[in-house]
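See below for the structure under consideration.
The values are calculated or read from the model by the stated rules, or taken from the named source; none is laboratory data. These numbers were taken from a predicted model, which means no experiment stands behind them. Cβ placement follows ideal geometry from the backbone for every residue including glycine, while neighbour counts extend to all protein chains displayed.
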Amino acid sequence: MGDQGALTLVAGEHGSRSAPGDVQHLPWQPVVFGLARRSLPHLVEATVAPTMLFYVLLVTISSRAAMVGVLCWTFVAVTRRLARGRALPAILLLTTVGLSVRTVIALVSGSTFAYFVQPIATTVVLAAVFGGSVLIGRPVVARFASDFCEFTPEIGGRPRVVRLFRGLTLLWAGVHVVTSVATFALLVSLPTATYVLLKTVACLSITVAAIALTVSCSIRTARNEGLVFATAPV
């Protein structure tokens, strides 16, 4: 079952498909608004707030206080979800475990470099996972797509849609590569406080550009396939 209010794509009238370039009346606004509704709260909770917390604690107290503060923020986020009876996504659990491990390693070693280089290494691994999933014929994006917009297996198996999933998976593999290279370059060339801010800006810029391209390609494919929204988002 998808989340209440999730977008659902279905075949249009008579299931007709269009030739590439034909204009169909699939609006982009519900996609953008639905994506924003799902992503912005997570973006604030998982990126913006902890970054600002880390920066403030770093410049006012110490790097150790900043690391512990961000870890506490993550534990609070998990506890809040549990208290509200909400399911804990696997990615949140993995992130919490990963952050706990990197914080312990950084505190024991006394190295902020060790703290920041670990997620860069993780990003490189993700790039390999995304690229490898295309090589074995099981693109990662195909597994995540229904979290944002529901569709039937028949739609997911259409050749254009399969090509879209492959292309978007390769796109995000490239995004992970660019992000890891950019953040590592910033890490080895900037003071910690400056790095924290610029890294966030750089990563968000790259990610937002990739999301815009993802949405654009997805809408174009859906229009060419003659797909429409079954219901308007709540």
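Per-structure values
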read-out	value
For ARG163: the one exception among (1) touching a residue at least 60 places away in the same chain (Cβ under 8 Å); (2) closer than 22 Å to ASN224 by Cα	(1)
Helices (runs of 4 or more DSSP H) within the stretch 125-234 that include 3 or more residues modelled with pLDDT of 90 or more and not basic (Lys, Arg)	159-189, 192-224
The listed residue being within 18 Å of PHE113 (Cα to Cα) and crowded, with 17+ Cβ neighbours inside 10 Å, out of SER218, SER189, SER180	SER180
Any hit, the stretch 102-120, residues being more than 30 Å from LEU168 (Cβ to Cβ), without any contact (Cβ under 8 Å) to a residue 24 or more places away in the chain, among the hydrophobic types (A, V, I, L, M, F, W, C) and loosely packed, with under 12 Cβ neighbours inside 10 Å	yes
Whichever residue in the stretch 38-63 is farther than 24 Å from SER146 by Cβ and of a type in the set (S, T, N, Q) and, among such residues, is surrounded by the fewest Cβ atoms within 10 Å (Cβ to Cβ)	THR60
Residue list for the stretch 143-154, filter: farther than 15 Å from ILE211 by Cα and either among the polar types (S, T, N, Q) or buried (at least 17 other Cβ atoms within 10 Å of the Cβ) (or both)	SER146, GLU150, PHE151, THR152
First in the stretch 48-61 and of a type outside the set (A, V, I, L, M, F, W, C), second anywhere and modelled with pLDDT under 95 and surrounded by fewer than 18 Cβ atoms within 10 Å (Cβ to Cβ), Cβ under 6 Å, 6 or more apart	PRO50/TRP73
Of all residues in the stretch 64-94 being crowded, with 17+ Cβ neighbours inside 10 Å and in contact with a Ser or Thr (Cβ under 7 Å, 6 or more places away or on another chain), the one that is nearest to PHE116 (Cα to Cα)	MET67
Tally of residues being in contact with a Leu (Cβ under 9 Å, 6 or more places away or on another chain) and under 21 Å from THR200 (Cα atoms) across the stretch 73-95	3
Residue check, ALA210 without any contact (Cβ under 8 Å) to a residue 12 or more places away in the chain and within 21 Å of ALA128 (Cα to Cα)	no
